[in-house]
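Scroll down for the structure; my scribbles are underneath it.
The values are calculated or read from the model by the stated rules, or taken from the named source; none is laboratory data. Just so we're clear, the structure is a prediction, and the values are computed from it rather than from any experiment. For neighbour counting, all protein chains shown are included, and Cβ atoms are generated from backbone atoms with ideal geometry for every residue, glycine included. These accessible areas exclude ligands, DNA and RNA; they are computed on the full protein's heavy atoms, side chains included. Shrake-Rupley method; radii C 1.70, N 1.55, O 1.52, S 1.80 Å.
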Amino acid sequence: MILVTGATGKVGGQAVAQFLGAGAAVRALARDPASARLPEGAEVVRGDLADPGSLDAALDGVDSVFLVWPTLAADHAAPATIERITEHARRVVYLSARGTSDAPGQDPNSILGSHALIEGLIERSGAEWTFLRPGGFAANTLMWAAQIRESGVVRWVHGAATRPLIHERDIAAAGVSVLTGTGHAEARYVLTGPEALTQVEQVTAIGEVIGRPTRWEELAPEIALRELLDQGWPSAAAEGIIDGHARLAATPESTTSTVEELTGAPATPFRRWVADHADDFR
């Protein structure tokens, strides 16, 4: 039995569908099973990673866990939750992030610091573990969807920031390959898409795929930071996003071939991801 957390999200939902397609027995964790829209064949069980005591039913009989963590929001419960998970599960594949440090020192209030916290707890648990460290999610460009629908103009910061964005389907496929295969213990896999594009190029590609003009309008970093704070982002996380984009403008993120090595299929190009989500931008 494989437990998938974050099962109603983009990566978790893909993982549930792909595990079922591979013939695995899948249990999906959801805070509200009644509203979870998951494929037939998945057992949906109520539970919340922020509440370790709510996980017993979900973990009963579980051999492996595909762990998608609600970054920062549940970190207060992380020690007890990871202990509870690894008391039951022999293997854990954790969806971490590229840039997470193996050494201590990352700000625990930052996104990467949160991932480092969870990685450290899993490493010390005694369970067999594998960490997936994807770079930028293609799905993060959905933050521009409203602007593109309304005007075709994307106002954001550091248009030169360059990343090989990855399709959520490829992240899930890597996790399915790891948990249904062997030889991945204590591996840290950096996952990327096949091509590095600037944010300006990403906006152009979205417009070309959906068939309408789009353009980039550069936003000052201090204004972008204020917008994130107004949306409720913690200051450390918001500052980390702006600073991270500045670093990606100065030093573009490299690509890896890990998706193809793990799954046997090349990583999905960004334009294919846009085609899969075109209605969100129209």
| field | Extension gain, Glu261 back to Ala50 (0.36 nm per residue minus Cα-Cα distance, nm) | value | 72.6 nm
| remark: CD proxy, 222 nm, the chain: helix-only mean residue ellipticity via -39,500 (n - 2.57) per DSSP H run with n ≥ 4, per residue, nearest 500, stands at -11500 deg cm²/dmol
| remark: Rounded to the nearest 10, the angle in degrees between the Cα long axis of helix 168-179 and the longest principal axis of the Cα atoms of the chain comes to 30
| task | Please work out the ratio of the alpha-carbon Rg of the stretch 1-88 to 2.2 N^0.38 Å and round it to two decimals. | result | 0.99
| request: Search the structure for amide H atoms under 5 Å from the amide H of Ala187, placed 1.01 Å from N in the peptide plane, and list their residues when 5 or more places away or on another chain. | output: Phe131
| Degrees, to the nearest 10: 221-230 long Cα axis against longest axis of the chain | 50
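May I ask you to give the solvent-accessible area per residue for the stretch 153-224, in square angstrom, as obtained with a 1.4 angstrom probe?
Working: 2760 Å² over 72 residues.
About 38 Å² of surface per residue is accessible.
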| message | Starting from 0.36 nm per residue, how many nanometres of slack lie between Ser125 and Asp32 once their C-alpha separation is accounted for? | response | 30.6 nm
| said: Taking every alpha carbon pair in the stretch 114-192, what does the distance histogram look like in 10 angstrom bins from 0, in percent? | reply: 15, 35, 28, 16, 7, 0
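Going by a ≥ b ≥ c, the root eigenvalues of the Cα gyration tensor, does the chain fall in the rounded group (a/c under 1.5), the prolate group (a/b larger than b/c) or the oblate group? It would help to have the intermediate numbers written out before the result.
Values: a/c = 1.70, a/b = 1.48, b/c = 1.15.
Prolate, because a/c is 1.5 or more and a/b exceeds b/c.
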| task | From zero up to wherever the largest Cα-Cα distance of the stretch 55-118 sits, split into 5 Å bins and tell me the percent of pairs in each. | result | 4, 17, 27, 23, 17, 8, 4, 0
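Can you give the Kirkwood hydrodynamic radius for the stretch 200-282, in Å, rounded to one decimal and based on Cα pairs? Working shown, then result.
Values: mean 1/r = 0.0646 Å⁻¹.
Kirkwood radius, the stretch 200-282: 15.5 Å.
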| query | In whole percent, how big is the carbon plus sulfur part of the accessible area of the chain, probe 1.4 Å, protein atoms only? | reply | 49
| query | Just the Cα atoms of the stretch 127-277, one point each, no solvent: what log10 I(q)/I(0) does Debye give at q = 0.08, 0.13, 0.15, 0.16 Å⁻¹? | reply | -0.26, -0.65, -0.84, -0.93
| task | Report the residues of the stretch 100-133 in range of a label on Ala187: point 7 Å along Cα→C-beta, backbone N strictly under 13 Å from it. | result | 129-133
